[in-house]
Amino acid sequence: MIAQAALFVRQFHEEQPGAGDPSPRLREVLSEIERTGTYRHTPAELAFGAKVAWRNAARCIGRLYWRSLVVRDLRHVSGPQEMARECFAHLRTAANGGRIRPVVTVFAPDRPGLPAPRIVNSQLVRYAGYRGPDGGWTGDPAGGELARRARELEWKSGEGRFDVLPLMIQRRPGEAPQWFEVPDDAVLEVELRHPEFGWFAELGLRWYAVPAISDMTLEIGGVRYPAAPFNGWYMGTEIGARNLADADRYDMLGEVGRRLGLDTSSARTLWRDRALVEVNLAVLHSFQEAGVTMADHHTESERFLRHVAQEARAGRPTPTDWSWIVPPVSGGLTPVYHRYYDPVDPDQRPAFLTREPW
């Protein structure tokens, strides 16, 4: 804690214009740690730390806009009901009528001997999955386990393909989570249509607009915030090439290929590739027609290299996980494919970290 706190305070004062000499703040922080085992960030430190955590996110291609992150400081909130209410406010703030804003909501930190509540969901909005007697799935298999747990807690689920899972918040280790139905007005969704094929609308596909990750820990200067949901905006391939296309998700390529009249008898006909492009085109077209922010993988790749260049001019490395930055469609056609990047440092902080299980 002491070493991480000292590094962070120095970094804050180095990067923030007018912050001045870090020595007085360092003495204050170290004294607080000695007395209590932890310390409290100032609002400015929290906002800076959250933004730098996004800047350090090696798997995110959208980091060019890290400075624009809206930081909601809700460290005083630790009750599940109030947390749920603020998570729904987060979704409304981020949706912004379709002009998606990057937002992070920071709830109470862990303290020595007193772990803070956690959000169980991987995202604030996610669709439920239901396994049928034949082993097949209705909805999103990725939401199957959470749907099962919610049902055990008496959530009255539907049986639809796009049922929004309840928000589940766990106050303490060993306690059952509390669940809260996500209000309709907090979930901005886009129905998917194709610009050329009218039958695409008959597939009944949709997706939510705000990808708010909620199962990671934000660590700043040794202080851990286990409930800190954050979002940017979607890149089309996240929905079109993964969520709707992966065999262990909605697995739509076979149906789309048949509707297109493609020869699906052999992988060598490249029917999957052709179907995949059409699904991705439908996603981009639908979000644009609905006036909802979404990036395409070609534009976002160019923006990412602008970010890399900006960081280099600032004398900072850009830790990058190549396998996540290169898009899952036409990777070789994007500029991010054809280069090497700074290695990922697992000890780099501030950071959004995989949360340790209770």
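May I ask you to verify whether residue 137 is farther than 21 Å from residue 245 by Cβ, without any contact (Cβ under 8 Å) to a residue 40 or more places away in the chain, out of contact with any Ser or Thr (no Cβ under 8 Å at 6 or more places or on another chain) and of a type in the set (Phe, Trp, Tyr)? For residue 137, the condition - farther than 21 Å from residue 245 by Cβ, without any contact (Cβ under 8 Å) to a residue 40 or more places away in the chain, out of contact with any Ser or Thr (no Cβ under 8 Å at 6 or more places or on another chain) and of a type in the set (Phe, Trp, Tyr) - is not met. So if I check each of 146, 114, which one is within 29 Å of residue 74 (Cβ to Cβ), surrounded by 21 or more Cβ atoms within 10 Å (Cβ to Cβ) and out of contact with any Phe, Trp or Tyr (no Cβ under 6 Å at 6 or more places or on another chain)? Answer to the selection: 146. Between 306, 355, the distinction of being of a type in the set (Lys, Arg) and either at positive phi or touching a strand residue (DSSP E or B) at 6+ places or on another chain (Cβ under 6 Å) (or both) belongs to 355 only. Screening residue 323 with (1) modelled with pLDDT under 95; (2) outside any loop (DSSP other than H, G, I, E, B) gives one miss only, at (1). When the stretch 10-39 is filtered for residues that are surrounded by 13 or more Cβ atoms within 10 Å (Cβ to Cβ) and within 17 Å of residue 224 (Cβ to Cβ), the ones remaining, listed by number, are 29, 32, 33, 38, 39. When we screen 274, 268, 303, 258 for residues that are closer than 30 Å to residue 11 by Cβ, surrounded by fewer than 19 Cβ atoms within 10 Å (Cβ to Cβ), out of contact with any Cys (no Cβ under 8 Å at 6 or more places or on another chain) and not acidic (Asp, Glu), the only hit is 303.
No other residue among 326, 308, 277 is within 18 Å of the chain's Cα centre (by Cα) and of a type in the set (Val, Ile, Thr) apart from 326.
The values are calculated or read from the model by the stated rules, or taken from the named source; none is laboratory data. Not measured: the values here are computed from a predicted model. Cβ sites come from the backbone with ideal geometry, for glycine too, and all protein chains shown count toward neighbours.
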